Amino acid sequence: MAHSRQLRLGAFMRPVSIHTAAWRYPGAFPDANFNFAHYKRFVQTLERGRFDAFFMADHLAVLNMPMAALKRSATVSSFDPLTLLPALATVTEHLGLIATASTTYNEPYHVARKFASLDHISGGRAGWNVVTSANPDEALNFGREQHMEHDARYRLAREFYDVVTGLWDTWADDAFIHDVDAGIYFDPDKLHVLDHKGPHLSVRGPLNIARPVQGWPVIVQAGASEAGRQLAAETAEVVFSGVNNLRDAQRYYTDVKGRMQACGRSREHLKILPGAFVVIGETVAKARAKKARLDGLVHPDSGMASLCILLGHDVSGQDLDGPLPKIPQS
């Protein structure tokens, strides 16, 4: 019997739009990144549109680009995802709520507790976007002089995941018996103490919140590097993919799904969602005109900063209309 296939739709918002000039577009809300009333309306619209999830990106540093570009960015001010999403859970019923939480600049106990709380508050709609913090400026906000090296961040992330999921398994589903007559709140035989001691982390447990409604919240990953793909293959249930052509997307899909099989996981246990920036118009010509107008609102200082981040190399002194110089691999 053929399996039915269904399109999965997740709204990736950073935190309101992925486009750096969206806040300037006519009719937009310039303060939407930090205005709960707008967020409430946005997520309720997504739910009416049958989206599967609202995906909130996050960062832990403001000074991550030259001031000439930073002053034009709407992302300098945004809510903490794990404060915002529980509030959004109370005004939605079906929409999945995916929050970003760094494994580099958090503690596993905090992450496990907050996502378990979100899962209970939302009735089983929480998802954790596992990131390792690519922005080196974040280190300076957490008592470190320099950012952890790339592969080391991923080794930490893998152990971090094991600790968080182990903490979610602290309590059996039926551990809390609430026996009023006997005066027994929970069954001690259904309590598990993690007692993890690893190369990077030492966490005893147990977690002081009941097992999440889903067992574990949905695990989301977006790694494109070798280490990122391996982490996704070992842990993720959803991958947000940034490839921008069919051939590369097929290669990515084949690679990650193959890694899953090598790890003993079923290929069907992971959904790969390709990213797409969508502009809607009554006609193709009108949609293209809207996109051109939106792109025209990006100041060159902002565009250049974004390009430098993507390239991993400073090309800000180059002719904007000239070819890129030779760039070392990043």
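For region 180-242, state which trypsin sites (Lys or Arg not before Pro) are in a DSSP loop and have at most 11 other beta carbons lying within 10 Å of their beta carbon.
Filter output for region 180-242: Arg204.
Could you calculate the contour length gain from Lys40 to Gln6, that is, 0.36 nm times the residue separation minus the distance between their Cα atoms, to one decimal place in nm?
Working: separation 34, 0.36 × 34 = 12.24 nm, distance 2.65 nm.
Between Lys40 and Gln6, full extension yields an extra 9.6 nm.
Subtract the Cα-Cα distance of Phe142 and Leu246 from 0.36 nm times their separation in residues, and report this length gain in nm to one decimal.
Extra length available between Phe142 and Leu246 comes to 33.5 nm.
Can you tell me the orientation of helix 246-262 relative to the chain, as the angle in degrees between its alpha-carbon axis and the longest Cα principal axis, to the nearest 10?
Value to nearest ten degrees: 20.
Sequence gap at least 6, Cα distance under 8 Å: using those rules, report the relative contact order of region 272-330 to the nearest whole percent. Before the final figure, lay out the partial values.
Values: 23 pairs, mean separation 10.8, N = 59.
18 percent.
Using a cut-off of 14 Å between beta-carbons, work out the net charge of the residues near Ser202 (Lys and Arg +1, Asp and Glu -1, Ser202 not included).
-2
Would you please classify the overall shape of region 65-124 from the alpha carbon gyration tensor, given that a ≥ b ≥ c denote the square roots of the eigenvalues, rounded means a/c under 1.5, and beyond that prolate means a/b larger than b/c while oblate covers the rest?
Taking the square roots of the gyration eigenvalues as a ≥ b ≥ c, region 65-124 is oblate.
Let me check against my output: what whole-number percent is the relative contact order of the chain, with C-alpha pairs under 8 Å and at least 6 apart?
Across the chain, relative contact order equals 15 percent.
Working only with C-alpha atoms, what are the Rg and Dmax values of the chain, expressed in angstrom?
Reported Rg and Dmax, both Å: 21.6, 80.
With label points built 7 Å along Cα→Cβ from the Cα atoms of Tyr185 and Asp173, find their separation and express it in nm.
The modelled label-to-label distance comes out at 2.4 nm.
For the chain, give the magnitude of the charge dipole about the Cα centre (Cβ charges: +1 Lys/Arg, -1 Asp/Glu; no others), in debye to the nearest 20. Working shown, then result.
On the way: 35 positive and 35 negative charges, 268 e Å.
Charge dipole, the chain, about its Cα centre: 1280 debye, nearest 20.
For Val193 and Gln318, FRET efficiency with R0 = 56 Å and r from the beta-carbon atoms, rounded to 0.05?
The pair Gln318/Val193 has a calculated efficiency of 0.45.
Hey, what angle do you get for helix 36-48 against the long axis of the chain, alpha-carbon based, 0 to 90 degrees rounded to 10?
Once rounded, one gets 80 degrees.
Could you check the spin-label model distance between Glu282 and Ala87? Points 7 Å from the Cα along Cα→Cβ, value in nm.
3.7
As a check on your grasp of the helix formula, calculate [θ] at 222 nm for the chain: sum -39500 (n - 2.57) over DSSP H runs of n ≥ 4, divide by the residue count, round to the nearest 500.
When only DSSP H runs of four or more count, the value is -10500 deg cm²/dmol.
Comparing Gly228, Gly49, Gly166, which has the greatest mean-square fluctuation in the GNM of the chain with Cα pairs linked when under 10 Å apart?
Looking only at Gly228, Gly49, Gly166, the largest GNM fluctuation is found for Gly49.
With an 8 Å cut-off on Cα pairs and a minimum separation of 6 or more residues, tell me the relative contact order of region 147-204 in percent.
Details: 47 pairs, mean separation 17.2, N = 58.
Computed over region 147-204, the figure is 30 percent.
Please give the peptides 35-47, 259-271 ranked by average Cβ packing (other Cβ atoms within 10 Å per residue), highest first, as a rough proxy for protection.
The most tightly packed comes first, giving 35-47, 259-271.
Take Met13, Met148 and sort them by solvent-accessible surface of the protein heavy atoms, 1.4 Å probe, largest at the top.
Met148, Met13
Please report the carbon-and-sulfur percent of the accessible area for the chain; probe 1.4 Å, protein heavy atoms only, DNA, RNA and ligands left out.
54
Specify whether the C-alpha gyration tensor of region 1-142 places it in the rounded, prolate or oblate class, a ≥ b ≥ c being the square roots of the eigenvalues: rounded for a/c under 1.5, otherwise prolate if a/b is larger than b/c and oblate if not.
oblate
Once the piece of chain linking His94 and Glu226 is laid out straight, how much longer is it, given 0.36 nm per residue of separation minus the C-alpha distance between them?
44.1 nm
Assuming a strict under-25 Å limit between Cα atoms, what lysine pair count do you get for the chain once near-sequence pairs (fewer than 8 apart, same chain) are dropped?
Number of lysine pairs found: 7.
State the Cα centre-to-centre distance between region 238-293 and region 140-172 in whole Å.
Rounded to whole Å, the Cα centres lie 27 Å apart.
Considering only Trp23, Gly281, Ser73, whose Cα is most displaced toward the positive end of the charge dipole of the chain, charges sitting on Cβ of Lys, Arg (+1) and Asp, Glu (-1)?
In the chain, that residue is Gly281.
What number comes out for the charge environment of Thr254, summing +1 per Lys or Arg and -1 per Asp or Glu over other residues with Cβ under 13 Å away?
Net local charge, Thr254 excluded: +4.
How many percent of DSSP beta bridges within the chain run antiparallel, rounded to 5?
Of those bridges, close to 15 percent are antiparallel.
Could you pull out the chymotrypsin sites (Phe, Trp or Tyr not before Pro) across region 248-312 that fall in loop regions by DSSP (anything but H, G, I, E, B) with no more than 16 other Cβ atoms inside 10 Å?
The qualifying sites are Phe277.
Hey, can you find the accessible area per residue of the chain for me, probe 1.4 Å, expressed in square angstrom?
With all protein chains present, the chain gives 58 Å² per residue.
With the Cα gyration tensor of region 223-330 giving a ≥ b ≥ c as the square roots of its eigenvalues, does the rule (a/c under 1.5 for rounded; else a/b larger than b/c for prolate; else oblate) give rounded, prolate or oblate?
oblate
For the chain, set up a Gaussian network in which alpha carbons nearer than 10 Å are linked by springs, and say which option among Ile184, Ile272, Ile309 fluctuates the most.
Result: Ile184 has the largest fluctuation of those listed.
By DSSP, what percent of the beta bridges with both residues in region 117-264 are antiparallel, rounded to the nearest 5?
Values: 4 of 10 bridges.
Here the antiparallel bridges make up roughly 40 percent for region 117-264.
Using a Gaussian network for the chain with springs between C-alpha atoms less than 10 Å apart, which of these wobbles most: Ala233, Ala224, Ala68?
Result for the chain, Cα springs under 10 Å: Ala68 fluctuates most.
The values are calculated or read from the model by the stated rules, or taken from the named source; none is laboratory data. Values in this document were obtained by computation on a predicted structure and should not be read as measured data. All Cβ positions, glycine included, derive from the backbone under ideal geometry; neighbour counts span all protein chains shown. These area figures cover heavy atoms from the full protein model, side chains too; ligands, DNA and RNA do not enter into them. Shrake-Rupley method; radii C 1.70, N 1.55, O 1.52, S 1.80 Å.
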